[in-house]
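To keep things clear, I will list the structure first and then write my remarks on it.
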Amino acid sequence: MIQLFHIYKNFGANIALNDINLRVHEGEFVFVTGPSGAGKTTLLRLIFGAERPAGGHILINGINLSRISRTRLDLLRRKIGFVFQDFKLLTNRTVFQNVSLALEVTGERRSFIRKKTRQALKLVGLVEKEKAFPLQLSGGEQQRVAIARAIVKDPLILLADEPTGNLDPELTKDIMVLFRSIHMKGTTVVVATHSRELLAGTAQRTVFLNRGRIVGEE
Amino acid sequence: MIQLFHIYKNFGANIALNDINLRVHEGEFVFVTGPSGAGKTTLLRLIFGAERPAGGHILINGINLSRISRTRLDLLRRKIGFVFQDFKLLTNRTVFQNVSLALEVTGERRSFIRKKTRQALKLVGLVEKEKAFPLQLSGGEQQRVAIARAIVKDPLILLADEPTGNLDPELTKDIMVLFRSIHMKGTTVVVATHSRELLAGTAQRTVFLNRGRIVGEE
Amino acid sequence: MSPRLWPYFLKQAIWNMIKNRGVHALGLGTMVASLLIFGAFLLLFVNLDTWLRGWEHALSMTVYLDDGISNAQRNKVASMIKRIPGARIKRFISKADALEELRDALGPQSGLLDGLSTNPLPASFEVVFKGPEVAKTLSSQAMEKLKKTPGVEEVQFTREWQQRFDALMRMVRLVGFIIGGLLCLGVLFIVANTIKLAIYSRKDEIEILKLVGATDWFVKVPFLLEGLIQGILGGALSLLTLFLAYLLLATKKMQLLSFPILNFTFLPSEYVIALLIVSVLLGLVGSFIAVGRFFEL
Amino acid sequence: MSPRLWPYFLKQAIWNMIKNRGVHALGLGTMVASLLIFGAFLLLFVNLDTWLRGWEHALSMTVYLDDGISNAQRNKVASMIKRIPGARIKRFISKADALEELRDALGPQSGLLDGLSTNPLPASFEVVFKGPEVAKTLSSQAMEKLKKTPGVEEVQFTREWQQRFDALMRMVRLVGFIIGGLLCLGVLFIVANTIKLAIYSRKDEIEILKLVGATDWFVKVPFLLEGLIQGILGGALSLLTLFLAYLLLATKKMQLLSFPILNFTFLPSEYVIALLIVSVLLGLVGSFIAVGRFFEL
Ligand SMILES: Nc1ncnc2c1ncn2[C@@H]1O[C@H](COP(=O)(O)OP(=O)(O)OP(=O)(O)O)[C@@H](O)[C@H]1O
Ligand SMILES: Nc1ncnc2c1ncn2[C@@H]1O[C@H](COP(=O)(O)OP(=O)(O)OP(=O)(O)O)[C@@H](O)[C@H]1O
Ligand SMILES: [Mg+2]
Ligand SMILES: [Mg+2]
């Protein structure tokens, strides 16, 4: 369960999030939408602990992120999958290594890591590209590597920031099916997007952000 | 006018473009679409001279790119605006500096550069952010900086690679209006995208790519 | 830290070194150059010091004996000399020998000795010192006692040019220590900087690793291993280069220079080991500090 | 290249230096450390050389005169000596002076001179050499002629310990040149590497600049300016540090060491200028080469 209480976040004079209150239940599927610069990415990064709020509290499964130690945060992150808007792939590692990295950090068994990584790459349709380096991939391929890395560890929470911005409609549909199946297995999913296509297809809960405030919910 | 004759491009064993023949007239507006990894980015990069074809010839306004010197290519690039799929912004320069850069390289007058840069930033709605650095911007804001940099020099040719992947529907519409107005002034525009929204709104010429081949035109 | 991770770390370190070979080659080059400078300095200094020590021992002493000394007394003086730490009797010079030597030494002026009726020169012991602690010896109790022994007329040090020479030696050593100290500091600083620069070009990598839930150690260990390997390589390569240069100099070149260098030795093994340890520590500590700086998040 | 661009280039270079101050500080630090090592070495070497030259000149010569020499002949010999390049007559020693000196020199053995009826010692000129080309002087024509001049009994060099000393001097110089040469190479290599590393961390920047239509020079010039500024700063900072260290050493410390260093001088201005030029060239050429490597596209 993700709980945000009176979250406030500024970058200098620029207020990115202003008094955000949000509760995402365990196993829920939520869309966050809003115009460019509304604060979607900032919101997800706060939940992930990559950014600290200037005010308010964030609880992840009851754990207060502002009270947590660095080491415990690292452990928590292993249970959260994050699809970054700018992918954040390691350019000097192969696709396979980028994806398996999410499992390597947990110290899993080698054979297990290999199996899971292949599986994840298959799910995003990139098995043939496993030996390529990120800069040898098309934009959409890179995005799918980022998705594979987020899902490979069977996360408890999946945070996806504009995960289909570089994907064609068919792939977008595939990825949404993938997210939904992960959701079915019990994962909490939060997707930030402004794609009307993505939003139109579902009757999912949708949070509307604008200028750092929640301006509506559906 | 852009002419491609029997263009062939491979990356190792991977054939990105296969026997492409394409003619874009001066002042035309063309969409290139196709699934992820179809070769759209590669096609645009070839036209821009950032990549050399393995076979075939590319003529830009009658100039053969494979025969051109490095210096003349630099000069040609100043007349082509390119919106990169991954933005390619300089992280250690401000938004203003990133945009003005496209004019600095031509050695224009200082006051002229300032005026044009402000204008371009206004067109993409980023005047307030001119002092920010790229990493302090949201995904959509970064994309708009990339667009501003491409249009600031009043290019003869505008190549835009997935220019609205990180933009919300309103901004997408604005940007398309912007492109159209640039097109009206005589600029040749080639936009690579898989956004159905973008394609649906127009009766523009559309080239369909798949697995490196042109599979249709509308 | 799970032991299961070690193969991963090692693999990753090697992979990183291959992938970032440009940066690594530059860093390694700098490291080898720096250590080589330091090593070459050490090598020359060690040899210079050895030679200087050889000359230092050239300090000698003459113990003049009374004319009427008995054999027993003479033996007693000899045994007293032997008790002085580091002292060794080079030879005994009788009165006749002394006159002969003076004649030789005077050369063209030796004629002036022809008019002598008696031999006014005393017999003497010529004493040389072995140990490097000449200064201590000279002020030792045994020496004081020797001077007061009956039968000893006078104790004289052959100091004609010794003092000048001493000053020079001290200066050369001082210069050596100053250069050496500076060099050592400089090399430490340069190598640490180079490692920092190399890691600087990879700060994105560190950020991303942290974002996928890597612990600090998970991020650090491959960098530390890289530093370690670089340290070992750097130390080994510089020592190897130094040794090859030494071989080249020690065999052919030195003869050509018509230069009185007899035994040009390589660095003693303690120095070699110390240099290796320093270079390994440099690599390890350098990367440790450098990586640490990027752990803001 | 439009002259209108120069303000842009300068502004950009300074902006880049501020924005990449971490990398620049590391690079500058390495540069200063390297140049400082080299400069310190030069400083010590220059002073050592001066002192050694001072001693070298201690080489002297004694021209012994026949007993029956006339005043005119003596004056002729004197003027012949003056004609030897670098030679200077220190003093004339009469026969009586010579005996007195021998008596002093013999010390306790001076009693043996008491029995002399006549003075067998010759009068002589003591000659010292000024210039550093002693070796040339000794084989000069003037010298040969002097030896054959009537009234000259013998020419003798005061070489007692001169040869040993000569060998030592030659060795110290050789060591100096070897260290110096190595240092110079090492410093060049290290600084070039550091600049390459610094630019390596900015290769994305170069790529992007090329993509927006910048000519090679447009990309290069700010980097070259940065290199130039870094070179000037590096050279100036290292010379300043060296000078401060020199002041510290030259005034207080040296007295404390009870060490016979009288005039410890700073580097001559040619060396200072050369060091500055080298550091500026290093910065400029280093970045020129380093940037060039990233111009594949
Ligand atoms: N590191 C930062 N420093 C300064 N300002 C920042 C930083 N990160 C984000 N901002 C600002 O905070 C606001 C919200 O940014 P955010 O990235 O959350 O928007 P977003 O909703 O994800 O937009 P987009 O859809 O364009 O990605 C923007 O105005 C942005 O400029
Ligand atoms: N530098 C490269 N090295 C190797 N392969 C490459 C390189 N660039 C592109 N490719 C491959 O070429 C094919 C076409 O890539 P391209 O980027 O042109 O696709 P795209 O149509 O732009 O896709 P997307 O919509 O996902 O951006 C892909 O399979 C990609 O993996
Ligand atoms: Mg965003
Ligand atoms: Mg693409």
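The values are calculated or read from the model by the stated rules, or taken from the named source; none is laboratory data. Here the structure is a predicted model, which is why all the values come from computation and not from measurement. Virtual Cβ from ideal backbone geometry, glycine too; neighbours counted across all protein chains shown.
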Residues (facing another protein chain (nearest Cβ under 10 Å) and over 17 Å from the mean Cα position of the chain (by Cα)) located in the range B:101-128: B:104, B:105, B:106, B:107, B:108, B:109, B:110, B:113, B:125, B:126, B:128
Scanning the range D:69-108 for residues that are of a type outside the set (A, V, I, L, M, F, W, C), over 22 Å from residue D:144 (Cα atoms) and modelled with pLDDT under 80 gives D:101, D:103, D:104, D:107, D:108
For residue A:84, state whether it is within 11 Å of chain B (Cβ to nearest Cβ), touching a residue at least 24 places away in the same chain (Cβ under 8 Å) and not acidic (Asp, Glu). yes
May I ask you to say which residue of B:48, B:29 is touching a Phe, Trp or Tyr at 6+ places or on another chain (Cβ under 6 Å) and either polar (S, T, N, Q) or closer than 24 Å to residue B:150 by Cα (or both)? B:48
Just need a number here: residues in the range A:19-41 that are more than 11 Å from ligand 1 (Cβ to nearest atom) and part of a strand (DSSP E or B). 9
Residue A:15 fails exactly one of (1) away from chain B (no Cβ under 14 Å); (2) among the aliphatic types (A, V, I, L, M); (3) surrounded by fewer than 19 Cβ atoms within 10 Å (Cβ to Cβ), namely (1)
Can you tell which of A:82, A:87 is within 16 Å of ligand 1 (Cβ to nearest atom), more than 23 Å from residue B:42 (Cβ to Cβ) and not aliphatic (A, V, I, L, M)? A:82
Out of the residues in the range D:193-230 that are within 32 Å of the chain's Cα centre (by Cα) and facing another protein chain (nearest Cβ under 9 Å), which is nearest to residue D:23 (Cα to Cα)? D:194
In the range B:138-171, how many residues are within 7 Å of chain A (Cβ to nearest Cβ), within 16 Å of ligand 4 (Cβ to nearest atom) and touching a residue at least 40 places away in the same chain (Cβ under 8 Å)? 2
By residue number, the members of the range A:177-192 that are more than 22 Å from residue A:125 (Cα to Cα) and surrounded by 13 or more Cβ atoms within 10 Å (Cβ to Cβ) are A:188, A:190, A:192
Matching residues in the range B:164-202 - criterion: being more than 16 Å from ligand 3 (Cβ to nearest atom) and within 24 Å of residue A:211 (Cβ to Cβ): B:173, B:174, B:175, B:176, B:177, B:178, B:197
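For the structure I just gave you, tell me whether residue B:87 is within 16 Å of ligand 3 (Cβ to nearest atom), farther than 22 Å from residue B:28 by Cβ and crowded, with 19+ Cβ neighbours inside 10 Å.
So residue B:87 passes the test.
Let's see how each residue does on (1) modelled with pLDDT under 95; (2) touching a Ser or Thr at 6+ places or on another chain (Cβ under 8 Å); (3) at positive phi; (4) of a type in the set (D, E, K, R):
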position	(1), (2), (3), (4)
B:164	yes, yes, no, no
B:169	yes, no, no, no
B:173	yes, no, no, yes
B:185	yes, no, no, yes
B:190	no, no, no, no
B:195	yes, yes, no, no
B:200	yes, no, no, no
B:208	yes, yes, no, no
For residue B:41, indicate whether it is within 13 Å of chain A (Cβ to nearest Cβ), of a type outside the set (Lys, Arg) and surrounded by 15 or more Cβ atoms within 10 Å (Cβ to Cβ). yes
When the range B:39-58 is examined, which residues are found to be hydrophobic (A, V, I, L, M, F, W, C) and under 17 Å from the mean Cα position of the chain (by Cα)? B:43, B:44, B:46, B:47, B:48, B:50, B:58
